[in-house]
């Protein structure tokens, strides 16, 4: 199994903390994750939220690409808001800054009305955006005409007048094909099936809903990613002490932004959703997702912005040392596993 | 005469026909250059430049790439000379600019231009003829997005409902610069009270004239422009001796002006008509005229100091020292930047 850190949301989680410091801490946390053997670090994106969630996965993705050297850089842009060509160009730039380390996990929009978008169904729009992204990143000049995009513009005064009817997005990404995942609930799952790309369930969906969403989305040998709220400490009690309020706070802010439903108790919210505990508990929980859904890539949040930066760094280190090896070091002798 | 600020630029990340490079190499070099410049407190700003769909990969996404620059630096300001604003969605630009300003701790100088290449507008399915409208409405949207409260904008080009952009920028007043080529854009910039970036194709006399025009217009409109900066792009190069500097920089400058700007019909002849590859002789003449203009900021430190003082005397308050030429040896390039930072700027 592979592991990522995030998605980092960078919202105002603690009014006494400046947002500028949250951004800098988040960058440092990704460097810590790289050092302790994670495979990727992730920039989230949501628009117009009352708690100031990061609104540009591209800008932060470029920053993560610059600060890290080896890990993949996951960006989670919301699709369907603007012409997909902008995102195609931005991702190509990030992929060159990172020398081919980008993964794009496209999110289903909930913000289209604020963006003045009142067209037909989201899935058609996302399919079309994905088609434009793939053509843009491909080696050949292209044109694209659909309900949502006309590339290039049909006019008789400019390039078509000169006999050109194609566009080439420049630069091209550094890697041969930018890995594309889709994140969200049922729309994303359906999209994953249609496009044949990995479905990436967000952390707020409980295990009970994931069975249906992951059904028929997996191809033999392909990546099966999942995001989870994760926090780890030496003891399960201590992990709860440190993280329960921080995670509850995040969900309150997400509820305020309309991204999740309100809940009654933290226990109810946490059940089959959050992975909080000592290494043994985390490992046990992760095996459940692996066995029941076939998940082989977990993006673990760990970084909650109301928490003390140092506690986050400790948890990232502990996860890297005590949990990741269990899933990556096949044949790890028990005697070595038990060494503290 | 106010104090003259010096920024450096303009990073375009091109893999040209004469100097093809892997893009990952170019972007890595940019991050290293940014960290290098960040060490010198005398260099105020690092400037980027944008085009789309151009054959050599000219950088299309300035605010995204600026995210990388912000992560690579601690002090230096990050500016765009310029983001081709009419080709973008204004709301998205506002959001990205705000995130970048938070990420960088308030180091954004948001530089905006109309854009002019047909091909770029066509690629985004935007009618070039409405670029002025998109620009003006877009600036209004950015202003509202940065301020507290919802945007609420209903225009001809953009329609943004009752929605509040978050996060907000770090700076309470993000400096807006407008690339102003010609009298109309200068009038527009003056009406906005924005700082301006003037073209690299201007002689000293033209420069003085355009800056005067800006202040005259601002007075007519009754706009307070006491904080506005008068910027200009000048190509420049510093070496130990004048001869060395000419030998290193002039061939590259000539190439840049002919091949690159010629391809975009950016240069003009004596009558102000655009010159392209269809008129090779006029193009050469236009390029040579410009080489003469820029030659004043190419040389040993004392000479470049003199050249920059002449520019300051026109009323200009910020020079974007354009040292990015194609295919120059890296060691010489870094040496030029270092001489600029340590021997030129402190002595202006």
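The values are calculated or read from the model by the stated rules, or taken from the named source; none is laboratory data. For clarity, every value in this text was computed on a predicted model and none was experimentally measured. Cβ sites come from the backbone with ideal geometry, for glycine too, and all protein chains shown count toward neighbours.
The set of residues from the range A:268-309 being buried (at least 22 other Cβ atoms within 10 Å of the Cβ) and at positive phi comprises A:277, A:302. Would you mind stating whether residue A:68 is within 10 Å of chain B (Cβ to nearest Cβ), surrounded by 21 or more Cβ atoms within 10 Å (Cβ to Cβ), at pLDDT 95 or above and in contact with a strand residue (DSSP E or B) (Cβ under 9 Å, 6 or more places away or on another chain)? Judged against the criteria, residue A:68 is a match. Of all residues in the range A:71-86, those being more than 9 Å from chain B (Cβ to nearest Cβ) and part of a helix (DSSP H, G or I) number 1. Within the range B:86-125, the residues that satisfy the criterion of being more than 10 Å from chain A (Cβ to nearest Cβ) and either surrounded by fewer than 24 Cβ atoms within 10 Å (Cβ to Cβ) or at pLDDT 95 or above (or both) are B:86, B:90, B:107, B:108, B:109, B:110, B:111, B:112, B:113, B:114, B:116. Considering only the range B:162-173, I want to know if a residue exists there that is touching a strand residue (DSSP E or B) at 6+ places or on another chain (Cβ under 8 Å), within 14 Å of chain A (Cβ to nearest Cβ), under 19 Å from residue A:82 (Cβ atoms) and surrounded by 18 or more Cβ atoms within 10 Å (Cβ to Cβ). The answer is no; no qualifying residue exists.
Looking across the range A:79-101, the residues that are in contact with a strand residue (DSSP E or B) (Cβ under 8 Å, 6 or more places away or on another chain) and farther than 11 Å from residue A:129 by Cα come down to A:91, A:94, A:95, A:98, A:101. Per this entry, residue B:281 is not counted among residues that are crowded, with 17+ Cβ neighbours inside 10 Å and out of contact with any strand residue (DSSP E or B) (no Cβ under 8 Å at 6 or more places or on another chain). Could you tell me whether any residue of the range A:9-21 is more than 10 Å from chain B (Cβ to nearest Cβ), assigned to a helix (DSSP H, G or I) and either at pLDDT 95 or above or under 16 Å from residue B:103 (Cα atoms) (or both)? Checked the range A:9-21: no residue is more than 10 Å from chain B (Cβ to nearest Cβ), assigned to a helix (DSSP H, G or I) and either at pLDDT 95 or above or under 16 Å from residue B:103 (Cα atoms) (or both). Residue A:91 meets the stated requirement of being in contact (Cβ under 8 Å) with a residue 40 or more places away in the chain, crowded, with 24+ Cβ neighbours inside 10 Å, assigned to a helix (DSSP H, G or I) and within 9 Å of chain B (Cβ to nearest Cβ).
Is the range A:302-319 home to any residue that is under 28 Å from residue A:212 (Cα atoms) and in contact (Cβ under 8 Å) with a residue 40 or more places away in the chain? Scanning the range A:302-319, I find at least one residue that is under 28 Å from residue A:212 (Cα atoms) and in contact (Cβ under 8 Å) with a residue 40 or more places away in the chain, so the answer is yes. In summary, residue A:210 fulfils each of the numbered conditions (1) assigned to a helix (DSSP H, G or I); (2) more than 21 Å from residue A:40 (Cβ to Cβ) with the single exception of condition (2).
For residue B:225, are the conditions met, namely being touching a residue at least 24 places away in the same chain (Cβ under 8 Å), within 22 Å of residue B:200 (Cα to Cα) and outside any helix (DSSP H, G or I)?
no
Only a single item in (1) out of contact with any helix residue (DSSP H, G or I) (no Cβ under 6 Å at 6 or more places or on another chain); (2) part of a loop (DSSP other than H, G, I, E, B) is not met by residue A:255, and it is number (2).
The residue that is surrounded by the most Cβ atoms within 10 Å (Cβ to Cβ), counting only those in the range A:53-65 that are over 13 Å from the mean Cα position of the chain (by Cα) and at the interface with chain B (Cβ under 7 Å from one of its Cβ atoms), is A:62. Taken as a whole, the range A:40-52 holds at least one residue that is buried (at least 24 other Cβ atoms within 10 Å of the Cβ), within 8 Å of chain B (Cβ to nearest Cβ) and assigned to a loop (DSSP other than H, G, I, E, B). Taken over the range A:133-152, residues that are within 11 Å of another protein chain (Cβ to nearest Cβ) and closer than 30 Å to residue A:64 by Cα amount to 2.
Looking at the range A:22-39 only, could you name the residues that are within 14 Å of chain B (Cβ to nearest Cβ) and over 15 Å from residue A:53 (Cβ atoms)?
Pass one, the range A:22-39, residues within 14 Å of chain B (Cβ to nearest Cβ): A:22-31, A:34.
A:24, A:25, A:27, A:28, A:29, A:30, A:31, A:34, listed by residue number.
Conditions (1) modelled with pLDDT under 95; (2) within 20 Å of the chain's Cα centre (by Cα), marked per residue:
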{"site": "A:94", "(1), (2)": "no, yes"}
{"site": "A:109", "(1), (2)": "yes, yes"}
{"site": "A:148", "(1), (2)": "yes, no"}
{"site": "A:152", "(1), (2)": "yes, no"}
{"site": "A:156", "(1), (2)": "yes, no"}
{"site": "A:162", "(1), (2)": "yes, no"}
{"site": "A:172", "(1), (2)": "no, no"}
{"site": "A:180", "(1), (2)": "no, yes"}
{"site": "A:190", "(1), (2)": "no, yes"}
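Note on the range B:174-204: residues that are surrounded by fewer than 19 Cβ atoms within 10 Å (Cβ to Cβ), under 16 Å from the mean Cα position of the chain (by Cα) and closer than 16 Å to residue B:315 by Cα amount to 1. Do you know which residues across the range B:155-178 are modelled with pLDDT under 95 and either outside any loop (DSSP other than H, G, I, E, B) or at positive phi (or both)? Of everything in the range B:155-178, those that are modelled with pLDDT under 95 and either outside any loop (DSSP other than H, G, I, E, B) or at positive phi (or both) turn out to be B:159, B:160.
Looking at the structure I just gave you, is residue B:249 in contact with a strand residue (DSSP E or B) (Cβ under 8 Å, 6 or more places away or on another chain), modelled with pLDDT under 95, buried (at least 22 other Cβ atoms within 10 Å of the Cβ) and not in a loop (DSSP other than H, G, I, E, B)? In short, yes. Residues in the range B:69-79 that are more than 13 Å from chain A (Cβ to nearest Cβ) and either closer than 7 Å to residue B:111 by Cβ or surrounded by fewer than 24 Cβ atoms within 10 Å (Cβ to Cβ) (or both): B:75, B:77, B:79. Within the range B:140-161, the set of residues being buried (at least 18 other Cβ atoms within 10 Å of the Cβ) and away from chain A (no Cβ under 12 Å) comprises B:142, B:144, B:146. I'd like the residue in the range B:13-29 that is in contact with a helix residue (DSSP H, G or I) (Cβ under 7 Å, 6 or more places away or on another chain) and within 12 Å of chain A (Cβ to nearest Cβ) and, out of all such residues, is nearest to residue A:67 (Cα to Cα). The selected residue is B:27. Residues of the range B:255-282 that are over 30 Å from residue B:192 (Cα atoms), part of a helix (DSSP H, G or I) and out of contact with any helix residue (DSSP H, G or I) (no Cβ under 6 Å at 6 or more places or on another chain): B:255, B:256, B:259, B:260, B:263, B:280, B:281, B:282. Please tell me if residue B:33 is crowded, with 21+ Cβ neighbours inside 10 Å and more than 9 Å from every other protein chain (Cβ to nearest Cβ). Answer is yes for this residue. Scanning the range B:234-244 finds no residues that are under 19 Å from the mean Cα position of the chain (by Cα), exposed (fewer than 15 other Cβ atoms within 10 Å of the Cβ) and over 30 Å from residue A:13 (Cα atoms).
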